[in-house]
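The values are calculated or read from the model by the stated rules, or taken from the named source; none is laboratory data. As the structure is a prediction and not an experimental result, all values here were calculated from the model. FYI the Cβ positions are ideal-geometry reconstructions off the backbone, even for glycines, and counts take in every protein chain you see.
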Amino acid sequence: MARLLTGLSLGYFLVMLDTTIVTVALPALSSSLSDQQWISNGYTLTFAAFLLTAGALSDRFGARRVFFTGLTSFAALSLVSAFAFSPAVLIALRALLGVAGALLVPSSLSLIASAYPSAAARAKAMGVWAAVSGTGLVAGPLLGGLLTQAFGWRAIFVVNVPVALVALALSRSAPATPPKPRRVDLFGQVTAVVALSTLTYALVEGNFWLLPLPMIAAAAFVASQRRPGAMLPVSLLSRNLLAGAIVNFALSGVLFVLSLYFQETRGYSPSSTGLAFLPLTIPTAFNPIFTGRLVARIGPRIPAISGFVLMSAGTLLQAFTSWSVIALALLGFGVSLTIPSLLTAVVGSAPPELTGVAGGALNASRQTGAVLGVAILGAFSTATTALIVAAIVLLAGAFLFPVSYSRRQQETPC
């Protein structure tokens, strides 16, 4: 069972790694701020837009099959990305990588739910899963900086291939989950893609006159989800999803802003910039395991709220002082408290037949927040302003987490 959990965690590790590994390499990839935002957001945009459909595919065709399809596609596309010859080609390949990554997340959550039917055991397993994958999210800048300076930016894509092969070998024992009859909501998928892509384009390119288009597409998406067989059943909607969006809005936006700030204002090299994020990386390498155990005992509400407060405090400290080590450590501990708590809350309260969709919904909301974080916080003229805005949003997240979360929900089997 430990081998399987390691393989599933490594698959999601790759997905999270690719959301941030390019961040430190952005100045080497292009000198254009617009190109930098699209290289970063091209991946997270399609990742977010296709997660819900990936959850439905996981339920319809079986989580094991979808997981292996996503993992092999991710490895192949990563290798091709290493040979991209222009920012435009790289943006397109990053978009395809996002689709492959989307297949991995809900399928791995469904496989964990099948392998760990007990609520307490599932919470601990998700703590391990979140620890490994969360390390990928925040280790991206460190690894990206070291690889870029030592071997050039192409190495940040080549490194995915051996990790994917190891994940494939370790997860061969994944249980064969029976397919569930679910149709793919094509209208919902199209409106979700249109809403998110046009919103991102309007924000990144400054074409605010386009904002009515994503608003119309979003309204059409919400209206369509009231039908039977929708990609996001109304029963799964909760404040937890908004809280998940806030976590990644701040985290991805802050990573983007600080990566450029460290290199362009402080004059750090790519490797020095990556090392500067080490205080953020270390807590996420071990603390989610303890968070999983804590959530199994007391529920997710207190750890989640504590995480939001720590993240807000760390971001404010970074905005007004030069104590980057302490500030980023607070941010790291906050992330490692919040994400496992949200995972347990969302998946643990979902009906057994919708665990894949529930996992996809949470991660879709998180990656939507990441896209908006890079687009919005990256548009501010100073890093200080962007950090203050992120801190305010994070503090709001502490109040959004449901107060009424019950022990009964925590013990709901998946």
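Answer yes if at least one residue in region 191-203 is hydroxyl-bearing (S, T, Y) and over 21 Å from D35 (Cα atoms), and no otherwise.
Yes, there is a match, as at least one residue in region 191-203 is hydroxyl-bearing (S, T, Y) and over 21 Å from D35 (Cα atoms).
Give region 331-345 a look and list any residue that's under 16 Å from L255 (Cα atoms) and crowded, with 24+ Cβ neighbours inside 10 Å, or say none.
We begin by selecting, within region 331-345, every residue under 16 Å from L255 (Cα atoms); these are 331-336.
Selection gives L331, G332, G334, V335, S336.
For region 375-414, enumerate the residues that are crowded, with 23+ Cβ neighbours inside 10 Å, within 23 Å of Q36 (Cα to Cα) and at pLDDT below 90.
A375
So in region 274-327, with the set limited to residues that are in contact (Cβ under 8 Å) with a residue 12 or more places away in the chain and among the basic types (K, R), which one is farthest from L251 (Cα to Cα)?
Filtering region 274-327 down to residues in contact (Cβ under 8 Å) with a residue 12 or more places away in the chain leaves 274-293, 295-296, 299-301, 303-320, 324-327.
This time we only want the ones that are among the basic types (K, R), so: 293, 301.
Details: R293: 24, R301: 20 Å.
Per the criteria, the residue is R293.
This table checks each residue for (1) in the same structural domain as A100 (by TED's automatic domain parsing); (2) touching a residue at least 40 places away in the same chain (Cβ under 8 Å); (3) under 30 Å from A230 (Cα atoms).
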site: G152; (1), (2), (3): yes, yes, no
site: A155; (1), (2), (3): yes, yes, no
site: V158; (1), (2), (3): yes, yes, no
site: L165; (1), (2), (3): yes, yes, no
site: P179; (1), (2), (3): no, yes, yes
site: T191; (1), (2), (3): no, no, yes
site: S197; (1), (2), (3): no, yes, yes
site: A202; (1), (2), (3): no, no, yes
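Just to verify a result, which residue in region 236-273, among those that are polar (S, T, N, Q) and in a loop (DSSP other than H, G, I, E, B), is surrounded by the most Cβ atoms within 10 Å (Cβ to Cβ)? Talk me through it step by step, then tell me what you get.
Initially, region 236-273 is screened for residues polar (S, T, N, Q), giving 238, 240, 248, 252, 259, 263, 265, 269, 271-273.
Keeping just the survivors that are in a loop (DSSP other than H, G, I, E, B) gives 238, 265, 269.
On the way: S238: 20, T265: 11, S269: 14.
If we take residues in region 236-273 being polar (S, T, N, Q) and in a loop (DSSP other than H, G, I, E, B), then S238 is surrounded by the most Cβ atoms within 10 Å (Cβ to Cβ).
Need pairs with beta-carbon distance below 6 Å; first residue assigned by TED's automatic domain parsing to the domain that holds A350 and within region 101-128, second acidic (D, E); sequence gap 6+ or separate chains.
If the second residue must be acidic (D, E), the pairs left are A119/E411.
Run down S224, S238, S259, S171 and say which single residue is under 19 Å from A370 (Cβ atoms) and of a type in the set (S, T, N, Q).
Values: S224 fails: under 19 Å from A370 (Cβ atoms); S238 fails: under 19 Å from A370 (Cβ atoms); S171 fails: under 19 Å from A370 (Cβ atoms).
Exactly one of S224, S238, S259, S171 is under 19 Å from A370 (Cβ atoms) and of a type in the set (S, T, N, Q), namely S259.
Tell me which residues, restricted to region 314-349, are part of a helix (DSSP H, G or I), among the polar types (S, T, N, Q) and farther than 13 Å from A390 by Cβ. Please lay out each step first, then the result.
Here is the first cut: in region 314-349, the ones part of a helix (DSSP H, G or I) are 314-320, 324-348.
Then drop every residue that is not among the polar types (S, T, N, Q), which leaves 315, 318, 324, 336, 338, 341, 344.
Hits for region 314-349 are S324, S336, T338, S341, T344.
What are the residues in region 295-307 that are at pLDDT 85 or above and buried (at least 18 other Cβ atoms within 10 Å of the Cβ), if any?
Those that are at pLDDT 85 or above and buried (at least 18 other Cβ atoms within 10 Å of the Cβ): P303, A304, I305, S306, G307.
What number of residues within region 214-262 satisfy the criterion of being of a type in the set (G, A, S) and under 20 Å from S58 (Cα atoms)? Give the steps one after another, and end with the answer.
So the first thing to find is which residues in region 214-262 are of a type in the set (G, A, S), and the list is 217-220, 223-224, 229-230, 235, 238, 243-245, 250, 252-253, 259.
Still in the running and under 20 Å from S58 (Cα atoms): 229-230, 235.
Qualifying residue count for the region: 3.
Got at least one residue in region 56-69 being surrounded by fewer than 24 Cβ atoms within 10 Å (Cβ to Cβ), within 19 Å of the chain's Cα centre (by Cα), under 21 Å from V159 (Cβ atoms) and outside the structural domain of T198 (by TED's automatic domain parsing)?
No: zero hits.
How many residues does region 204-222 contain that are modelled with pLDDT of 85 or more and either under 30 Å from S341 (Cα atoms) or outside any loop (DSSP other than H, G, I, E, B) (or both)?
13
Residue by residue through region 1-41, note down the ones that are buried (at least 24 other Cβ atoms within 10 Å of the Cβ) and closer than 21 Å to A195 by Cβ.
T19, W38, S40, N41 - these are the residues of region 1-41 that are buried (at least 24 other Cβ atoms within 10 Å of the Cβ) and closer than 21 Å to A195 by Cβ.
For residues in region 77-102 being of a type in the set (G, A, S) and farther than 15 Å from W153 by Cα, which is surrounded by the most Cβ atoms within 10 Å (Cβ to Cβ)? Spell out the reasoning first.
Residues of region 77-102 of a type in the set (G, A, S): 78, 81-82, 84, 86, 88, 92, 95, 98, 100-102.
From the residues that got through so far, the ones that are farther than 15 Å from W153 by Cα too are 88, 92, 95, 98, 100-102.
Numbers: A88: 12, A92: 14, A95: 20, G98: 26, A100: 26, G101: 31, A102: 28.
Result: G101.
Matching residues to (1) over 22 Å from T23 (Cα atoms); (2) under 18 Å from the mean Cα position of the chain (by Cα); (3) in the same structural domain as V374 (by TED's automatic domain parsing):
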position	(1), (2), (3)
A223	yes, no, no
L236	yes, no, yes
V247	no, yes, yes
A250	no, yes, yes
G267	no, no, yes
G274	no, no, yes
I302	yes, no, yes
A313	yes, no, yes
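What do you reckon, is A176 among the hydrophobic types (A, V, I, L, M, F, W, C) and not in a helix (DSSP H, G or I)?
Numbers: among the hydrophobic types (A, V, I, L, M, F, W, C): yes; not in a helix (DSSP H, G or I): yes.
In short, yes.
Please indicate, with yes or no, whether at least one residue in region 356-371 is over 15 Å from the mean Cα position of the chain (by Cα) and assigned to a helix (DSSP H, G or I). If you could, list the steps in order and put the result at the bottom.
Initially, region 356-371 is screened for residues over 15 Å from the mean Cα position of the chain (by Cα), giving 356-357.
Remaining after also requiring assigned to a helix (DSSP H, G or I): 356-357.
Yes - at least one qualifying residue is present in region 356-371.
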